[in-house]
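A.B. asks: The structure is given below, and queries will be raised subsequently.
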Amino acid sequence: MARLGTGNKIIQAKLVLLGDMGTGKTSLALRFVKGQFFHNQEPTVGAAFFSQILSLSEATVKFDIWDTAGQERYHSLAPMYYRGAAAAIVVYDISSIDTFVRAQKWVQELQRHGSPKLVMALVANKSDLESKREVKAEEGEQFAQENGMFYMETSAKTAENINELFYEIAQRLARAFPPKPTGINLNNGMQDRRRKFFCCSA
């Protein structure tokens, strides 16, 4: 369990994962929270919930991670998951141009309905499938830059840039929200403590 530093501000932040089915959203969350990867990950139904703590020098960030289903029939439920979120990760698969197009629509939706202070990351997942790449890194980088996001290529399979992704989000949240004596809760009040995981900070 991550230790809370003396005098360290505590940020509790709701983070939502959005993107098409099969892009690896659940695999990203499981790799970050539990260090696990499953080749045949079952599709998420509705949403799944994870919790994780990161200790930075400037803050301790408690993530409440909402992993949403990518199937179209669950799209109408998405607003209840990203409402009140402090951060969002929009995921696409580098080997599927269709998932990149869909990711752009998710970004537009977040820009219309999300918080003005929302920290957004555009994640090109499955970087281990370089030989099957359909979306150039430059395309992802350009779209992210044009939409005020940061861009990162990841692989849940190899763990490439997984921790780096969440640390970058945590650092941006720490910079965006000045310290308060009682800590900062960036959730919208929807809490689900059925599954809770912690890890030691690097």
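A.B. asks: Give me the lysines in straight-line cross-link reach of Lys117: C-alpha distance below 26 Å, same-chain residues under 8 apart excluded.
C.D. replies: Lys9, Lys14, Lys25, Lys62, Lys105, Lys180
A.B. asks: Then there's this: For the range 84-175, what is the accessible area per residue in Å² when the probe is 1.4 Å?
C.D. replies: In whole numbers, the range 84-175 has 46 Å² accessible per residue.
A.B. asks: I've got another one for you. Please turn the phi angles of the range 99-107 into ³J(HN,Hα) values with the Karplus equation 6.51 cos²θ - 1.76 cosθ + 1.60 (θ = phi - 60°), one per residue in order, whole Hz, x for glycine and proline.
C.D. replies: With coefficients 6.51, -1.76 and 1.60, one gets 5, 5, 4, 5, 4, 4, 5, 5, 4 Hz.
A.B. asks: Follow-up. So what J values fall out for the range 111-120 if you push phi through Karplus, 6.51 cos²θ - 1.76 cosθ + 1.60 with θ = phi - 60°, rounded to Hz, Gly and Pro as x?
C.D. replies: Those phi angles translate into 5, 7, 10, x, 5, x, 8, 4, 7, 10 Hz.
A.B. asks: Would you kindly state how much longer the chain becomes between Glu138 and Glu164 on full extension, computed as 0.36 nm times their sequence separation minus their alpha carbon distance, in nm to one decimal?
C.D. replies: Contour length minus the Cα-Cα distance gives 7.4 nm.
A.B. asks: Which cross-chain or sequence-distant (5 or more) residues have an amide H under 5 Å from the amide H of Met120, H modelled 1.01 Å from N in plane?
C.D. replies: Residues meeting the criterion, in which the H sits 1.01 Å from N, are Ala88, Phe150.
A.B. asks: Skipping prolines and chain starts, which residues have an amide H placed within reach, meaning under 5 Å, of the one on Val135, given they are 5 or more residues away or on another chain?
C.D. replies: Ser96
A.B. asks: Using amide H atoms built in the peptide plane, which far-off residues or other-chain residues are under 5 Å from Met21 H to H?
C.D. replies: Gly70, Gln71
The values are calculated or read from the model by the stated rules, or taken from the named source; none is laboratory data. Keep in mind that this is a model prediction, so the values were computed, not measured. Heavy atoms of the whole protein, side chains included, go into the accessibility calculation; ligands, DNA and RNA do not. Shrake-Rupley method; radii C 1.70, N 1.55, O 1.52, S 1.80 Å.
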